[in-house]
Structures are given as C-alpha cells and as structure tokens.
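The values are calculated or read from the model by the stated rules, or taken from the named source; none is laboratory data. Computed from a predicted model, the values in this text were never measured in an experiment. Note that we place each Cβ from the backbone using ideal geometry, even for glycine, and neighbour counts take in every protein chain shown. For the accessible areas, the whole protein counts, side chains as well, though only heavy atoms, and no ligand, DNA or RNA atoms are used. Shrake-Rupley method; radii C 1.70, N 1.55, O 1.52, S 1.80 Å.
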Amino acid sequence: MPTPLLIISDAPTSGTGLGRITKDLATRIAEHLPEFRVATLGYGGPYSRKLPFQQYEMQMHNWVIHNLPEVWEDFAGEENGVVMTIWDASRLLWFARPENCEIPALQKFLKEATFQRWGYFPIDATGPNDRLTVVLKHTIEGYDRVLAYSKWSEEILRRTLWKKPLLEDLTNLPHGLDTSVFHPYNKALARSGFGERIGMRNQAGKWLSIPDDFYTVGIVATNQARKDYGLAFQILADLNQAKEGKILAWIHTDRLENSWGLPALIHDYGTKNHALTVAALSDEQMAQCYSACDITLGIGLGEGFGYPIFESLACGVPCFHGNYAGAAEHLDPHLRVEPVTYHLETPYNCYRPVFTREAWTTAIDHWAGGHQHPVKLPDHLDWDGLWPRWAEWFRKGL
C-alpha cells in the first residue's frame, strides 16, 4: 500500500513561490513515486482537475488549520502516513507542539496523530549568533524530519537544533526550474511583442513595444516589506539618469498598495517609462518578459530560494541580488551585492541586510564594463537533474 503524504503549503494553483514548489513536488511524486499517495492542503488558490493529485482547501485562522482532522480522515483515515509542511516555521508552533494548540479537538487529534511530521522550511534570515530564535527552534524540534532549502540554511539549522535524530538526517535540497519553459527567447521579438503580452498600450493606443535603444530593467517581487522596493526605485532613478532617460522598468507584483505604495514611488522617483503588471501571467509569458530585459533586480532582503532570480538566469538575463541568505550561493559573485550592515526585525529576530544604492549601481556598471558574459541557470537547479535527489530523499523517509 502506498504511504499517504499530505503536503501543507500555499495552494499549488496560487502562483506563489511556496505554491510552485508544492505543485512541482506533488506532481513529480504523483507521477514518479508509486510508494506514495500524495495530496495537498493549500491556501490561496482554486482547485484544478489538470493536476494529478487530490487537492484540499484550508479552513484557517491565524495560521491554525481548523479542518486538518477532517482532511486527514478523508485522505488517509486511520492509515499511518506523513504530513509535510512547506511553510514558515513561525506559522506552525500549534502543529509541531500540540500543547500550544488552543482548540481542544484539534489538539487531541494532533497528539494522537497517525502521521509523521516532515518540514521543508523557507528560512530567509538568520537571527542572533547565526541561529534561529528560540520559538522557531522549539517549533522545528517538534518535527520528525527536517529538510533545508540551501547549504546556508542547513548550517543555520545545525547551529540551532539540539535534537540528534533531526541533525543526523538533515540535508539540503534546492527547488528546480523547468527549462523547457524558462529559457531564452529571441530578444527582439520579446521586446516588440512586450505590450501585447502584458496587455499594455502606449499613449497612441497601440501595443507597447520596447525601443531597441532602451535599457530594460525587470523587477518581479510581491509587495511586502521584505522586498525592498524603496531601494529598487533609487537604483532605477540612478540608471535613468545614467541612460539619459532611455530606460524602461518592468515591475511585476501582486498589489500596487501594501507595504509599499508603488504609484507613489513611481511619481516621487520620476520613473516615467514603466510597465507595471499585477495580473497573473503564464510561465511562458513570464519567460518572454524576462527575455526582453537587459538585467533584473532581485530585491528580496533574504530569500529561501528566490524563483524570479533563477527564472531570469534561465532566460539568459543577469539578475543582481544581495549577498545574503540562500539564493546567493547559486549566483556568480559579480551578480552579488554586499550589504553595508544589518538590522534586526520582527518578533522572530530576523537579521535583514542594509544596502546602499551606489553598491548596486556599481555592481551593474562593473558587470557591463568588463565582466559581462552569457548567463544561464546553474545545472543543479534544472528539475531534470535535480529530481532524482528529491526522489531519494522521499524514499529514504520510508
């Protein structure tokens, strides 16, 4: 009998980074690992009959999943199995340590659970002394098996955790990209068809086309505090001046107003030529938009992985990113920007890097002035080569 494996994360149809890794893993498990019967319990997306696995929708409040007992009963009944979370540890104390769950019926279910707890944690920041803070440590040590996103986060976990069985089994595996979709497209065609692809017209009512002599900068990031849009617009202002106004900024996000007010930033920094997209684009459309760019900016102040960074590289476009957290270990050193200091934030004591705009523009100029060379996705991040390592990790858990 195959082992039931329920993955808790963002919904595989949600379009988030967590949703994508959930979709990729669940699809490959369903298609290639008959030892498991897989389902997802997801947040923030609809169902899809095109996916080869069962999908459930969360009923949740303050990150506590109220309908987990009903979902597990429907999916696995009294079978022994696995619940794997691909979620921030800060959301999961109630799950890992049932004595902290304030819902009596859910607490009883979790204490009597017939499943193991596996965790794949998107660690994007370290805390004091290069460890995770105490509540995150306490949460993760409530798991039976732990996997890190990167070598960087594995080392943080090794410094944090005391539970010997977790440390003996601990390793790291990155996500992968499908290079049959994310690959370089013809740049001239990508630029001429740019407006039609994103649904944007110029002042004359015609589809926007990027002029050959315009320097095009892509920024793909959700509108949240951890994505430093303030820094991004300072860099765009400097590039706009250096290029004498011949610059186009393509900004693809989820909301115009949230942690950052993007319309206000556009106005205040005078980025007259911009293409702002919030509607969902297909992977193929995204790959073509990346291919229209000269560079992209990875503006996350710490990434567990950072899909847009590596989507850009897969499309042959250099992405500049801060030298901090998991994404940096996969990048050409000339694409990394050094922080000048760090500051501590959130109740979970996360260090975030602080950059100067000059450090970014210097790195961009340095690349253009002599270190420019073709870029591509690192081979170990292509799903075709990466999946066997994942398959071995899942089988080892049995």
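Between Asn100 and Ala391, the simple label model (points 7 Å from Cα in the Cβ direction) yields a spacing of 3.7 nm.
Here the chain exposes an accessible surface that is 50 percent carbon and sulfur, computed with a 1.4 Å probe and the other protein chains kept in place. Taking only the Cα atoms of the stretch 145-207, the ratio Rg/Rh comes out at 1.42, with Rh defined as the Kirkwood radius. Just how many % of Cα pairs in the stretch 5-152 lie over 19 Å apart, if you round to the nearest whole percent? Above the 19 Å cut-off, the stretch 5-152 has 52 percent of its Cα pairs.
Checking every one of the GluC sites (Glu not before Pro) in the stretch 143-244 against DSSP loop status and a limit of 13 other Cβ atoms within 10 Å picks out Glu244. For Thr216, the amide hydrogen comes within under 5 Å of the amide hydrogens of Leu248, Asp294, Ile295, counting only partners 5 or more places away or on other chains and with H modelled in the peptide plane. Working note: Cα atoms of the stretch 280-322, range along each principal axis, descending, whole Å: 26, 22, 14. Summarising the strand pairing of the chain, around 20 percent of its internal DSSP beta bridges are antiparallel. A Förster radius of 30 Å, combined with the Cβ-Cβ distance separating Thr27 from Ala225, puts the computed FRET efficiency at roughly 0.40.
Computed about its Cα centre, the charge dipole of the chain is approximately 180 debye, with only Lys, Arg, Asp and Glu carrying charge at their Cβ. Shape analysis of the stretch 239-398 based on the Cα gyration tensor places the equivalent ellipsoid semi-axes at 28, 20, 19 Å, largest first.
Could you compute the FRET efficiency for Asp268 and Met60, with r as their C-beta to C-beta distance and R0 at 25 Å, rounded to 0.05? FRET efficiency, Asp268 to Met60: 0.10.
Rolling a 1.4 Å probe over the protein chains gives Met286 an accessible area of about 10 Å². Under 17 Å from the 7 Å Cα→Cβ point of Leu398, by amide nitrogen: which residues of the stretch 30-55? Within reach of a label on Leu398: 30-39.
Separation of the alpha carbons by more than 25 angstrom is noted, of Lys376/Lys396; Lys206/Lys376; Lys23/Lys187; Lys206/Lys272; Lys23/Lys164, for Lys376/Lys396; Lys206/Lys376; Lys23/Lys187; Lys23/Lys164. Per residue, the stretch 138-217 exposes an accessible area of 49 Å² to a 1.4 Å probe, with every protein chain left in place. Computed with the Debye formula from one identical point scatterer per Cα of the stretch 110-222, without solvent, the log10 of I(q)/I(0) at q = 0.16 Å⁻¹ comes to -0.80.
Entry note: the chain has Rg to Rh equal to 0.98, where both radii use alpha-carbon atoms and Rh is the Kirkwood radius. Solvent-accessible surface of the stretch 247-292, taken per residue with a 1.4 Å probe and all protein chains present: 47 Å². Once you reduce the stretch 7-27 and the stretch 220-282 to the center of their Cα atoms, the two points are 27 Å from each other.
First select every other residue whose beta carbon is under 13 angstrom from the beta carbon of Ala249; then total the charges, Lys and Arg +1, Asp and Glu -1.
Net local charge, Ala249 excluded: +1.
Counting only protein chain heavy atoms and rolling a 1.4 Å probe, the accessible areas of Asp254, Asp365 rank, largest first, as Asp365, Asp254. Shape annotation for the stretch 233-327: C-alpha extents along the principal axes are 31, 29, 27 Å, from largest to smallest.
Taking every protein chain into account, the accessible area of the stretch 1-127 amounts to 44 square angstrom per residue (probe 1.4 Å).
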